[in-house]
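Take a look at the structure set out below.
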Amino acid sequence: MIITIDGPAGSGKSTAARRLAAAMGIPYLDTGAMYRAVTLKALEAGVPLDDEEALVAVAAGTDIRLDCGPTHVRVIMDGRDVSEALRTMRVSRHTNQIARVPRIRQILVDKQREIGRRLGSLVTEGRDQGSVVFPDADVKFFLDASDVRRAKRRYHEMCADGEDVRFEDVLQNIRLRDGNDRGQWEPLLRPGGAVCIDTTSLTIQEVVDRMLEEIRRARAGRE
Ligand code: DC
């Protein structure tokens, strides 16, 4: 069974995806981590982020392995554990410059489909999972929340990770990324047939419960 969860930054999709996958006993895929890994590599290599050819070469030449468990996402890039390095503000700020390059998206979309084929069943989250990567997914979700609520979630996560950040900067970053995500190059689409959940005033458990209910309904409808 393939379940997709799409939505903007801070909509709660990573936590929901992780918990949902654990509840269903199937793997989970964090596709944002793949875009972040390519960004980290480009930044470390000093590749100018407006040099499309060089960026595509970086993406094509990067080995990314993900181990997405119920309590963690471990990302191994070219044999190195970069799980923490991917979450810094610097990487968050620049990832949209990578994610907007169509050829890079194609490389990562191919990798995601290959992971889907290999695993058979998974919960996958990102911006384009239900619309582009797995259009035939069994159940599709689209999560959203107010920008202030999303920034608060991100801020608390970053503080818990020991990052020294100001709430105002996180909010500004969320708004900037919204502009990019929902702009011209648009990876964030609400897939047709997706179940939309506004998570602004829901707990994570309530979100997961609603998802499980929808999945039960979808399964029952198919029997
Ligand atoms: O979900 P996240 O914050 O880890 O995503 C990081 C960046 O990658 C963000 O700028 C959106 C982009 N992204 C994307 O374009 N497509 C995806 N499937 C996942 C993430």
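The values are calculated or read from the model by the stated rules, or taken from the named source; none is laboratory data. None of these values were measured; they are calculated from a predicted model. Every residue, glycine among them, receives a Cβ derived from its backbone with ideal geometry; neighbour counts consider all protein chains shown. The area values use the complete protein model at the heavy-atom level, side chains included, leaving out ligands, DNA and RNA. Shrake-Rupley method; radii C 1.70, N 1.55, O 1.52, S 1.80 Å.
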**Message:** So, in the stretch 72-86, how many residues would count as being assigned to a loop (DSSP other than H, G, I, E, B) and within 14 Å of the ligand (Cβ to nearest atom)?
**Reply:** 3
**Message:** Given the criteria more than 11 Å from Thr4 (Cβ to Cβ) and open to solvent by 60 Å² or more (accessible area, probe 1.4 Å), does Leu189 qualify?
**Reply:** yes
**Asked** Among (1) within 14 Å of the ligand (Cβ to nearest atom); (2) assigned to a strand (DSSP E or B); (3) open to solvent by 10 Å² or more (accessible area, probe 1.4 Å), which single condition is Lys111 missing?
**Response** (2)
**Asked** Taking the stretch 114-138 as the search range and keeping residues that are outside any helix (DSSP H, G or I) and surrounded by fewer than 21 Cβ atoms within 10 Å (Cβ to Cβ), which one is nearest to the ligand (Cβ to nearest atom)?
**Response** Pro135
**Asked** Of Ile104, Ile98, which residue is closer than 20 Å to Thr62 by Cα, aliphatic (A, V, I, L, M) and either surrounded by fewer than 18 Cβ atoms within 10 Å (Cβ to Cβ) or within 8 Å of the ligand (Cβ to nearest atom) (or both)?
**Response** Ile98
**Message:** Condition check: among the polar types (S, T, N, Q) and modelled with pLDDT under 95. Does Thr39 satisfy that?
**Reply:** no
**Prompt:** Which of (1) in a loop (DSSP other than H, G, I, E, B); (2) more than 23 Å from Ile197 (Cβ to Cβ) is the odd one out, the single condition Leu176 does not satisfy?
**Reply:** (1)
**Message:** Condition first: away from the ligand (no atom under 11 Å from the Cβ) and surrounded by 21 or more Cβ atoms within 10 Å (Cβ to Cβ). Can you find one or more residues in the stretch 163-181 that meet it?
**Reply:** yes
**Message:** Filter the stretch 97-108 down to the residues that are part of a helix (DSSP H, G or I) and either aliphatic (A, V, I, L, M) or in contact with an Asp or Glu (Cβ under 7 Å, 6 or more places away or on another chain) (or both) and list them by number.
**Reply:** Ile98, Ala99, Ile104, Ile107, Leu108
**Message:** Being of a type outside the set (Gly, Ala, Ser), away from the ligand (no atom under 11 Å from the Cβ) and out of contact with any Leu (no Cβ under 8 Å at 6 or more places or on another chain) is the filter here; which residues of the stretch 144-154 pass it?
**Reply:** Asp144, Arg149, Lys152, Arg153
**Asked** Of all helices (runs of 4 or more DSSP H) completely enclosed by the stretch 1-71, which ones contain at least 2 residues that are open to solvent by 20 Å² or more (accessible area, probe 1.4 Å), under 21 Å from Asp138 (Cβ atoms) and away from the ligand (no atom under 15 Å from the Cβ)?
**Response** 13-24
**Request:** Look through Ala85, Ala145 and report the one residue that is more than 14 Å from the chain's Cα centre (by Cα) and open to solvent by less than 20 Å² (accessible area, probe 1.4 Å).
**Result:** Ala145
